[in-house]
Amino acid sequence: MKIRKAVFPVAGLGTRVLPATKAMPKEMLTIVDKPLIQYVYDEAREAGIEHFIFVTGRNKGVIEDHFDRMFELDTTLAARGNKKAEQDILARDQPGAGATSFTRQQAPLGLGHAVWCARDIVGDEPFAVVLPDELVLNTPGCLKQMIEAANKLGEKSNVLAVEAVPADMTHQYGICGVGKRTGKMFEVDGMVEKPPKGTAPSNLSITGRYILQPEIFKILETQEHGAGGEIQLTDAMIGLAKTQKFYGVEFEGERHDCGSKPGFLRANIAFGMARPDLRDGLRAEMKKYLEK
Ligand code: G1P
């Protein structure tokens, strides 16, 4: 099953990182020298995604600008003659013509509703959902690992990236029950969104990467509001699990929650240390600072 399209829900208000996100989308927050949204776009491109669907909201126009050509910048860099490296970076990050779509979620009704807003652009084929405030540091990226796992499964399978979290944090996530296991992959046996403390079926949290079958849209269409008064994607997946299989994949790589301030700072250090051009300088600066 070829996964050609990825949906990026980017309408959230970013209240956990105010005031940075008062006038700027949280997806444009920078880890080292790239906005978050560029990292997840790159991860999706590496995984073979051909069409990138952004579910945006008010105040998010700059995301669309980021994926457009910046004519003035291109011509100025070209005219200067010595800016080949910068030109190459811009060319490398640029989606092809027609490879992006933008649609708006007009009210903050939850992740499930945001995904549903992309139904017509996705159409009748399996697709990926990638949440930009979670980054996974690894090569191959998380989505590529999931698609490789999905390729070994039957038609109409759904795949979730999962990660073990400490038992006292399970109430912050969607949590999967674990059925038959084959290595890093297992059959999902029940899902619950943000279970009250002490009631989680396991410590395996649903992270921000999903491969879903298009039948999810029919369920989302009529769905009741769930936890937090929002239309929850997890509730729709529970509905779909009655007729289709769900699998969890424990991926390789370090997960970073960039939507929280400590997570965002940690991600900057982790991604900086992973960069051969920055590692030594960053280590030296941190050492100096910590010895102060
Ligand atoms: C959403 C999902 C949740 C998942 C989490 C991962 O929650 O509803 O199942 O575990 O993303 O980040 P949110 O973080 O939007 O509250």
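The values are calculated or read from the model by the stated rules, or taken from the named source; none is laboratory data. Remember, it's a predicted structure, so these values are computed and weren't measured experimentally. Every residue, glycine as well, gets a Cβ built from its backbone with ideal geometry; the counts of neighbours run over all protein chains shown.
Within the group L212, L240, which residue is within 18 Å of V130 (Cα to Cα) and at pLDDT 95 or above?
L212
Which condition number in (1) within 11 Å of the ligand (Cβ to nearest atom); (2) assigned to a helix (DSSP H, G or I) is the one that Y210 fails?
(2)
So the check is Cβ under 8 Å with 6+ separation or different chains; which pairs have a first residue in region 177-200 that's at positive phi and a second one that's in a loop (DSSP other than H, G, I, E, B) and crowded, with 18+ Cβ neighbours inside 10 Å?
K194/Y173
For region 125-142, which positions are within 14 Å of the ligand (Cβ to nearest atom) and either at pLDDT below 95 or outside any loop (DSSP other than H, G, I, E, B) (or both)?
Of everything in region 125-142, those that are within 14 Å of the ligand (Cβ to nearest atom) and either at pLDDT below 95 or outside any loop (DSSP other than H, G, I, E, B) (or both) turn out to be V129, V130, D133, E134, L135, V136, C142.
If a residue has to be part of a strand (DSSP E or B), among the charged types (D, E, K, R) and over 13 Å from A241 (Cβ atoms) to count, how many in region 168-192 make the cut?
As a first pass, look at region 168-192 and keep what is part of a strand (DSSP E or B): 174-182, 185-192.
If we keep only those that are among the charged types (D, E, K, R) as well, we get 180-181, 187, 189.
If we keep only those that are over 13 Å from A241 (Cβ atoms) as well, we get 180-181.
Residues in region 168-192 being part of a strand (DSSP E or B), among the charged types (D, E, K, R) and over 13 Å from A241 (Cβ atoms): 2 in total.
Would region 184-192 turn up any residue that is touching a Ser or Thr at 6+ places or on another chain (Cβ under 8 Å), closer than 23 Å to H51 by Cα and of a type outside the set (G, A, S)? First the steps, then the outcome.
In the first step, residues of region 184-192 are kept if they are touching a Ser or Thr at 6+ places or on another chain (Cβ under 8 Å); the result is 191-192.
Checking the rest, the ones that are also closer than 23 Å to H51 by Cα come to none.
No: zero hits.
Across region 159-207, what is the total count of residues that are under 11 Å from V249 (Cβ atoms), away from the ligand (no atom under 12 Å from the Cβ) and in contact with an Asp or Glu (Cβ under 7 Å, 6 or more places away or on another chain)?
1
Can you tell me which residue in region 41-84 is farthest from the chain's Cα centre (by Cα), limited to those that are aliphatic (A, V, I, L, M) and more than 22 Å from G123 (Cα to Cα)?
Looking at the filtered set, the residue picked out is A79.
With the requirement that a residue be surrounded by 14 or more Cβ atoms within 10 Å (Cβ to Cβ) and under 30 Å from L204 (Cα atoms), what does region 261-292 give you?
Within region 261-292, G263, F264, R266, A267, N268, I269, A270, F271, G272, M273, A274 qualify.
Suppose the filter is away from the ligand (no atom under 14 Å from the Cβ), of a type outside the set (G, A, S), touching a residue at least 12 places away in the same chain (Cβ under 8 Å) and in a strand (DSSP E or B); does Y247 pass it?
yes
Pick from V122, V115: which is among the hydrophobic types (A, V, I, L, M, F, W, C), within 16 Å of the ligand (Cβ to nearest atom), under 30 Å from G263 (Cβ atoms) and surrounded by 17 or more Cβ atoms within 10 Å (Cβ to Cβ)?
Matching residue, one of V122, V115: V115.
Among the listed residues G61, G96, identify the single one that is under 23 Å from L143 (Cβ atoms), loosely packed, with under 13 Cβ neighbours inside 10 Å and not acidic (D, E).
G96
Condition (residue is away from the ligand (no atom under 11 Å from the Cβ), more than 20 Å from V178 (Cβ to Cβ) and of a type outside the set (D, E, K, R)) applied to region 227-236: is it met by at least one residue?
yes
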